[in-house]
Amino acid sequence: MGLFQRKVQQEQEFPPLRHIAIIMDGNGRWAKKRGLPRTAGHAAGAESFRRIANYCRTLGVRYLTVYAFSTENWKRSQEEVGGIMTLLRKYLEEALRDMEKNKVHFCFFGDLSRLSPDLQELCRDAESRSRDYEVQVNFCLNYGGRDEIVRAARLFAQEVAEGKRQPEELDEAIFSQYLYSADIPDPELIIRPSGEERISNFLLWQSAYSEYVFMDVLWPDFGPKDLDEAIAQFHRRNRRFGGAK
Ligand code: FPP
């Protein structure tokens, strides 16, 4: 079945998901299986990301959030970290070139200050030049869920110290506004390929009611059919949000 037919079939049954998040895991193992350097796995992972981002758009998914680099990933070799940064740079340069064709709003979750100044500038440019587009891709870069929550608490505390906020005002809705994801809905579905079944510090706050789907396929091999399968699993779940049914 072609992509378009699949989209039509899915739409007849269920409306599209609003927000899907993905832990792009398994690039290293994919490369190792082929006797290639880990950076070749990340390059294949970046291709897989392109494919899936396009497919999400075909399905009408408004927000896609991907874990591209965690606060812990700095522990990897300089060569591997540099390889991932080069791929991101290349992707963003392309995205800036094709901005009007792709019509995607690029956002970045994470502390970008540790990235190289040129990459920081590319991120800022991509973000500001794309902000009027509806479909949104969030890249988690130097991102950690705990770090995000601590940062939000610090921002709120700062506003209390400045007299702009009262501690009693704080509730879940207000706290959410201090997170990178302020103003966007929580993901309904979080996918982790590669056979690992961990959260790894990804969207800790936002995943309170997300459905997790863990899949036994390495990220560079992950294609539209796997996304269909994850969405089908999602629709088979019975979401109760703490209520009874
Ligand atoms: C996890 O797999 C993957 C990463 C830490 C990096 C993900 C980055 C990319 C897919 C490229 C980013 C660029 C764009 C354009 C999205 P792993 O290396 O931990 O795999 P392993 O568990 O098999 O070793």
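Observations on the structure shown:
- Residue that is touching a Cys at 6+ places or on another chain (Cβ under 7 Å) and outside any helix (DSSP H, G or I), where the choices are ASN138, ASN142: ASN138
- The residues on offer are ALA53, ALA21, ALA31, and the sole one that is within 26 Å of ARG129 (Cβ to Cβ), of a type in the set (A, V, I, L, M, F, W, C) and crowded, with 20+ Cβ neighbours inside 10 Å is ALA21.
- Checked against (1) over 26 Å from ALA40 (Cα atoms); (2) in contact with a Ser or Thr (Cβ under 8 Å, 6 or more places away or on another chain); (3) of a type in the set (A, V, I, L, M), ILE231 passes all but a single condition, namely (2).
- Matching residues in segment 135-179 - criterion: being within 16 Å of the ligand (Cβ to nearest atom) and without any contact (Cβ under 8 Å) to a residue 40 or more places away in the chain: none
- Picking from residues in segment 68-101 that are outside any helix (DSSP H, G or I) and more than 30 Å from GLU134 (Cβ to Cβ), the one that is farthest from the ligand (Cβ to nearest atom) is SER77.
- Residue in segment 180-191 that is part of a helix (DSSP H, G or I), without any contact (Cβ under 8 Å) to a residue 24 or more places away in the chain, farther than 30 Å from LYS225 by Cβ and not β-branched (Val, Ile, Thr) present: no
- Matching residues, segment 66-99, being surrounded by 14 or more Cβ atoms within 10 Å (Cβ to Cβ), under 15 Å from SER113 (Cα atoms) and among the aromatic types (Phe, Trp, Tyr): PHE69
- Pair list, Cβ < 7 Å and 6+ apart or interchain, from segment 17-30 residues that are at positive phi to residues that are assigned to a loop (DSSP other than H, G, I, E, B): GLY26/PRO193; GLY26/SER194; GLY26/LEU218
- Residue match in segment 120-127 (condition: modelled with pLDDT of 95 or more, surrounded by fewer than 18 Cβ atoms within 10 Å (Cβ to Cβ) and within 12 Å of the ligand (Cβ to nearest atom)): no
- Restricting segment 143-187 to residues that are among the charged types (D, E, K, R) and surrounded by 13 or more Cβ atoms within 10 Å (Cβ to Cβ), the residue that is nearest to HIS19 (Cα to Cα) is ASP186.
The values are calculated or read from the model by the stated rules, or taken from the named source; none is laboratory data. Source: prediction; values computed, not measured. Note: ideal-geometry Cβ built from the backbone for every residue, glycine included; neighbour counts use all protein chains shown.
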